[in-house]
1. In the chain, once you exclude exposed GluC sites (Glu not before Pro) (DSSP loop, at most 13 other Cβ within 10 angstrom), what's the longest stretch remaining?
2. Grab every C-alpha pair in the range 97-192, bin the distances at 5 angstrom width from 0 up to the longest one, and report whole percents.
3. Compute log10 of I(q)/I(0) for the chain with the Debye formula, placing one identical point scatterer on every Cα and leaving out solvent, at q = 0.09, 0.10, 0.12 Å⁻¹, to two decimals.
4. For a Förster distance of 25 Å, can you work out the FRET efficiency between the beta-carbons of Ile13 and Thr92, rounded to the nearest 0.05?
5. Would you pull out the residues with amide H under 5 Å of Trp121's amide H, same chain only if 5 or more places away, H placed 1.01 Å from N?
6. List every residue whose amide H lies under 5 Å from the amide H of Leu86, counting only residues 5 or more places away in sequence or on a different chain, with H placed 1.01 Å from N in the peptide plane.
7. What nm distance separates the two modelled labels at Ile294 and Leu150, each placed 7 Å from Cα along Cα→Cβ?
8. Helix 238-268 versus the longest principal axis of the chain: what is the Cα-based angle in degrees, 0 to 90, to the nearest 10?
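The values are calculated or read from the model by the stated rules, or taken from the named source; none is laboratory data. Owing to the predicted nature of the structure, the values given are computational and were not obtained by experimental measurement. We place every Cβ from the backbone using ideal geometry, glycine too, and count neighbours over all the protein chains shown. Only protein heavy atoms, including side chains, enter the accessible area calculation; ligands, DNA and RNA are left aside. Shrake-Rupley method; radii C 1.70, N 1.55, O 1.52, S 1.80 Å.
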Amino acid sequence: MELTLIKDLNQHIDETVKIQGWLQKLRDQKSMQFLIMRDQTGLTQVAHWKKGNPELAEMISTLGTESALTIIGKVVENEVVKLGGLEIQIETLIVENNAELPLPFEPFGDNLPDQDFRLDWRYMDLRRTSNLLIFHIQTTAEQAMREYWLDHNFIEIHSPKIMGVPSESGAELFSLGYFDTTAYLAQSPQFYKQMAMAAGFERVFEIGPVFRADPSFTSRHMTEFTGVDMEMSWIDSHEDVMIFLENWLAYTYTKVIEKHGQQIKEVFDIDLTVPKVPFPRISMAEAYELLKEIGYELPPDKKGDLDPGAERALGAYVKEKFGSDYLYITDWPFATRPFYHMCHPDNKDLTRSFDLLGKGLEVTTGAQREHRYDVLKEQALAKGLTLEPIDNYLNFFRYGCPPHGGFGFGLNRFLMIMLDLPNIREAVYLFRGPNRLVP
C-alpha cells in the first residue's frame with residue numbers, strides 16, 4: 001500500500017490508507033484510544049475502540065510519546081475532531097521504533113529547556129514545528145536563488161575547501177596537516193570565483209560550507225556556516241553587483257512567501273513582505289555622520305569600520321526613515337577591506353565595495369574586484385602581504401581578465417533576518433562554535 005501524507009487525507013475520505021509518522025500525543029481513555037499522529041505535513045487523529053481489539057489496545061497503551069509508527073486505517077469525517085474534521089479508524093498498527101521514556105525533553109511541551117541542552121539533543125529539537133518550517137523555508141529560498149541565477153545565465157561551481165594558501169586574510173584560519181605540508185580550510189571561495197572570471201565563465205555562483213576560526217560566542221557567529229557566493233564579469237562598478245543582489249533577494253522573498261507565507265504567519269506571527277527595491281544606500285562617510293547625529297559613539301578600535309551596535313543603530317534609522325529592512329553601506333576605506341577590492345579611481349583611500357545590512361545585521365559583503373595585474377600587486381604590497389604565497393592567485397590576472405565583482409552572502413544570517421530568529425543557532429541544521437563539535 002502506498003504512503004499517504006497527512007495533508008492529503010481529505011482526498012481519501014472513506015478509503016483505507018497508510019500513514020507513517022510520530023506519536024505526538026496519546027489519550028488512553030476507558031473505552032477509546034486516540035493517537036495524535038504527526039508527519040512533516042501535519043497532524044491527524046487516529047481512533048481505536050478498545051473492545052474491538054483488546055490486544056491492539058494493550059499494545060497502544062505501551063507506546064511512548066514520539067514513537068515511530070505505521071498505521072493503516074479508514075479515513076472518516078468527524079466534525080468533532082479539531083484536526084481538519086477527519087480521523088482515521090485504525091485497522092493495523094506497526095511499531096517501527098517505540099520511544100523510550102522519559103524523553104530527554106518534550107519537544108512539544110510548554111517549558112523547553114535552554115538552547116544548549118536542546119543542541120545536545122538536536123534531532124529531537126528539530127521535530128518541533130517551527131524548526132521543521134525553517135528548513136522548508138531554507139530549501140525554498142535556495143531553490144529560488146538558483147532559479148534566479150540560472151535565469152540570468154549563471155553557472156554553478158563547487159570550489160575546493162582545502163586550500164594551500166588563505167582565501168582571505170591570515171586571521172581566523174583553521175589549519176590542518178596535509179601529507180607533508182600544511183593546508184587550510186577555506187574561508188570563502190573568493191579566489192576560485194575570480195579564477196572562473198579569468199576562465200571566461202562570466203557568471204558563477206556557489207552554495208557551500210565556509211570555515212572561520214573565530215572565537216566569538218555571539219548570537220550571530222559560527223565557525224562553520226553556509227556561504228552563498230556569486231561573481232559576475234563585465235561590470236561598470238559595484239553598483240551593478242548591488243542591483244543584481246537586491247533583485248535576486250526580492251525574487252527569493254517572493255518565492256518563499258508564495259509557498260510558506262501563511263505558515264510563517266501562523267508559526268512565527270510574521271507578515272512577510274517582499275522588500276522594496278532599490279534598497280537605500282549610504283556611504284561609509286555618510287554612515288559616520290548619521291551615527292553622530294543619532295548619538296552613537298563607535299569604539300576607538302573600530303575606526304573605518306562598524307561594530308554591531310552601529311549596524312543596529314543604522315538599521316533602525318533606515319527602517320524608521322525609509323521603511324526598509326535592508327541597507328547598503330558603500331565605499332568602505334581601503335584600510336579595512338581586502339587587497340583585492342578595487343579602489344575608486346578618484347580616491348585611492350576608498351574601495352568600490354559594500355556591506356548589506358538586514359534589520360541591522362550584516363548579511364553580505366561585496367565589491368568590484370581589482371582585475372589589473374599590476375594594480376593588484378601594488379595593493380597586496382600596500383597591505384604588507386608577501387607576493388609569493390599568492391602567486392597562483394595573481395596569475396589569474398596576467399592573460400586577460402574582465403572587470404568583475406560579486407558578493408558573499410550568509411544563508412543562516414538571512415534566515416535569522418527573515419524570520420526574526422533570536423540566535424543563529426536556530427537557523428542552522430547543526431551548529432558549530434568554539435565549544436561545540438557534537439552532535
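1. Values: sites that count: Glu2, Glu15, Glu79, Glu100, Glu297.
The reported range is 101-296.
2. Cα pair-distance distribution for the range 97-192, in percent: 2, 10, 12, 10, 9, 12, 15, 13, 10, 5, 1.
3. Debye intensities relative to I(0), on a log10 scale: -0.70, -0.82, -1.04.
4. Numbers: r = 19 Å, r/R0 = 0.77.
Taking R0 as 25 Å, the efficiency between Ile13 and Thr92 is 0.85.
5. Close amide H contacts, sequence-distant or interchain: none at all.
6. Residues meeting the criterion, in which the H sits 1.01 Å from N, are Asn78.
7. For Ile294 paired with Leu150, the spin-label model returns 4.0 nm.
8. Between the helix axis and the principal axis of the chain, the angle is about 10 degrees.
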